[in-house]
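Q: Here's a structure for you.
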Amino acid sequence: MRRCLRIVVPPHRRNPFLPAAAAPPARYRFDDVLIDLDAREILRADERIEVEAKVFDLIALLLANRERAMDKRELNSILWGDRPVTDAALSQQLRKARRALGDDGNAQRVIRTVHGRGLRWVAEVAAVGPEVPVAPALALPPAPAVARAPVPARARRHRAIALGCVAVLVLLVIGFAWQGSHDARAPRAAPAPRIAILPLDDQSAEPALAWTRRGLMGLMAGLFEQGGRVDVVPARSIDAIDAAARPLDATSARALRGALGATHLVATRLRRVGPLYEFDLRLLAPGGVERNDTLHGDAPAPLAVQAVQRIRRWLGLDEPASTPGRGVADPFLAEAHARGLDAQLHGNHAAARRYFEICLDQDPALAWARLGLSITQGETGDFAASQENAARVEASARELGDDELLVAALRQQGSLAFRRGDLESAAALVASALEDVSAARPLALTELLVARASIDDERGRFDASRSGFEHALALARETGNRRGEALVLVNIASLENGAGDAAGAARSLRAGLAAAREAGDGSLETMTLANLAATEANQGHLLDAVALERQALAHARRRGDVHSEALVSTQLIRLLALFGRDADVVTLARRSAELADESGNPYWQAELQWALAGVSEARGEHAEALAQLERARGLYAGIGMTRNLAPVLASIVEIAARAGERSTAQAAASAFRAIAAADPRAWNEWLPLLDAQLQALEGDVAGATAALSDRLDHAPDARGAAAQATLFQLGRWQATTGATEDLLLREAWTPWLAEHPDAIGFRVTALRTAGRVDEAAAEQSRLDGLRRAPQLDQAPHVAPQA
């Protein structure tokens, strides 16, 4: 009924929040702003400011009730009726309202946030009569940027997965779609095109132009983002899709659009004709519609810049304003930027950094080049410099009024905060990005929702996190974004793993693997295989885990994906060390060390040292293991990755206690307790194990064994890393002291006795101690056979791509 009334009733009477006794003034003025309620328009300095219907309703509501602060629940109820929305929906409308009125969140000259009360109109207004002339419609200039207060930094813990969203935030997206399709009065902007720029087909036969395939793809994608009014599939996503390099026909184009969640594909080809280059341009739209053109010039990068301008005209999009810092129109800078993007997509961050620095040396105002530099610095562990540059990009975006750049800068800063464990800042930054991203950009919105859900997971808000991931999954499926669907499923699996539901995690990962393969995303497929391997290992299926890691490693090498290769290799080292595959471990470790040193990536170096410490300990080399753990600890601390410090400290306590290094064990335990005090939910369950290890170090092994046995007796269904570590420590002490009866009876060993060498070894010892010699021999034979299992054999080497 309210929707029907909006069509026929004058605005100042149809709104239930305006006084009904008498017709109020229809026009109000303050400063240089005129608000006309009948015409539903806002004039500022005699220029019409276009606003969405919901934004105007909010302004009229606050103006009519300016004598008081209006509670947010009251505002939500009036503006959206019975539809459930979050505070984020109102915050987005508030930001737009303030912008339209020349206000912002810092000044709050017109609309003030009254903490604990809601929102209140505070500007002095004067009612004006109908004789006030209404200016004719004028072209809308770019709206001024909205300044935000700086986000405070607070140290917390984090998890290294993609960043994402609060559960009900996706209702905001649903609300936008509902408003546009059902509100007859509200003007609805056409959905923004979702454009995927495919890798360039380089037919120049010039080896020196190898960078153009990925580099010009990245350059064009970045230029579209700078121009706005489109949703751009990130170049890194397209580069991961094997099918993107194949010839395009109607069938393959339709499949690619579905895999990428794109409405339009852009295919390009470069040829050399005499002294000039020809740049073939092809735009493929839904319904088999195509546009084609050929551009000519003396360098490839400027042709890519021209191609973006041409496509924007084809799509009826305005050219972005020529503002300093927005683009790379200069041919030299365009090529340097493209080369940097190519190096970044190849994982060569050292080269990428050099090219972005060249761009900034020539023009320090190039915000997108500075953002590329920030991302590269973050990937190589230079977090302080990365944060500084991302903050400068954010300031530039606000000055330029560039929402696309602002969202990217906020997302980068959120990622950095997440890595260093500062969850409060990460959440605030992601929330800011969500306020600025348009509902017409579902690809970017899906990634931000995933980021928000990941933060909720780290904060212990598991129900909100799970719901948030599921809403992001619904959005990805609704928009046909198979890559986004795979990304969400991988994150849901991480949530399930953290809750101890390894079987549920495996189901989600297998569904995610199918989605990644259907999308053709080789990079995401690689990491999903690696995560599935870890999940299988957590269920005791170690041979399946090794086979999956082998597949993931082969994928990474075939694609030249050194990032995935480095991380998968460290996981594989841990698994192979359990089976005594020392030769394979040495080969993998040597290659991983080369990758870490070449890239200068301290995170890869730390992961490798941590994995090698387990190998050294298995050989009984306690001193070397402790030295490797201390190196890993220093590297993690140096890059602010607090998430890994606690488990490394736990490993130091375990090995130092076994080696009789009292002072080392006690110091590590104290450092662990400090981390646990700051985040008890994550780490308190480890404290009884550390206490027992210190007790054993003091000579009371029997008391320590009894403490752990009692703990497991009272929590027989406990899952997760702490429960597993407790079980294996108990088994080691029982095997050593001869108190092996519990080893044969405790049901918690059941999943590990199938394929875990240590668990089977404990059982062999227990059977021999019990005099069950034949059974012990059979188990030992089975263990020997597992160590020769074909799944453990080194896969044929796959040479990395050039």
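Q: Subtract the Cα-Cα distance of ALA208 and ALA107 from 0.36 nm times their separation in residues, and report this length gain in nm to one decimal.
A: Contour length minus Cα-Cα distance gives 31.1 nm.
Q: Using alpha carbon centroids, what distance separates segment 51-83 and segment 552-611, in Å?
A: Measuring centre to centre over Cα atoms gives 56 Å.
Q: Additional query: Any idea of the accessible area per residue across segment 385-526, 1.4 Å probe, to the nearest Å²?
A: That works out to 30 Å² for each residue.
Q: What order, most packed first, do the peptides 308-315, 657-664, 383-390 have when packing is the mean number of other Cβ atoms within 10 Å of each residue?
A: 383-390, 308-315, 657-664
Q: With a 1.4 Å probe and every protein chain kept in, tell me what percent of the accessible surface of segment 401-499 is carbon plus sulfur.
A: 45 percent
Q: Evaluate the distance, in nm, between pseudo-label points positioned 7 Å from the Cα of ASP793 and of ASP46 along their respective Cα→Cβ axes.
A: For ASP793 paired with ASP46, the spin-label model returns 8.6 nm.
Q: Rounded to the nearest 0.05, what FRET efficiency do ARG271 and GLN309 give with R0 = 35 Å and r taken as the Cβ-Cβ distance? Could you check?
A: 0.95
Q: Using mean Cβ contacts within 10 Å as the protection proxy, how do 45-57, 518-530 order, highest first?
A: 518-530, 45-57
Q: Now a separate question. Where nothing but the Cβ of Lys and Arg (+1) and of Asp and Glu (-1) is charged, how large is the charge dipole of segment 507-627 around its Cα centre, in debye to the nearest 20?
A: Around 340 debye, computed over segment 507-627.
Q: Using mean Cβ contacts within 10 Å as the protection proxy, how do 269-276, 448-455, 740-747, 208-215 order, highest first?
A: Result, highest mean Cβ count within 10 Å first: 448-455, 208-215, 740-747, 269-276.
Q: Moving to a separate point now. Excluding ligands, DNA and RNA, what is the solvent-accessible area per residue of segment 717-792 at a probe of 1.4 Å, expressed in Å²?
A: 49 Å²
Q: Another one. Residue separation times 0.36 nm, minus the C-alpha to C-alpha distance between THR294 and ARG254: what's the value?
A: Using 0.36 nm per residue and subtracting the Cα-Cα distance, I get 12.1 nm.
Q: Roughly to the nearest percent, how much of the accessible area of segment 662-802 is carbon and sulfur, given a 1.4 Å probe?
A: Summing carbon and sulfur atoms, their accessible area is 53 percent of the total for segment 662-802.
Q: Rounded to the nearest 0.05, what FRET efficiency is calculated for ARG117 and ARG768 with R0 set to 60 Å and r the Cβ-Cβ distance?
A: 0.20
Q: Tell me, in nm to one decimal, what length is gained between GLU74 and ASP463 on full extension, where the rule is 0.36 nm per residue of separation less the Cα-Cα distance?
A: This chain segment gains 137.4 nm when fully extended.
Q: At a Förster radius of 51 Å, what calculated FRET efficiency corresponds to the Cβ-Cβ distance of ALA623 and ALA503, to the nearest 0.05?
A: 0.80
The values are calculated or read from the model by the stated rules, or taken from the named source; none is laboratory data. Everything numeric in this text was worked out from a predicted model, so none of it was measured. Positions of Cβ are generated from backbone atoms using ideal geometry, with glycine treated the same way; all protein chains shown enter the neighbour counts. Heavy atoms of the whole protein, side chains included, go into the accessibility calculation; ligands, DNA and RNA do not. Shrake-Rupley method; radii C 1.70, N 1.55, O 1.52, S 1.80 Å.
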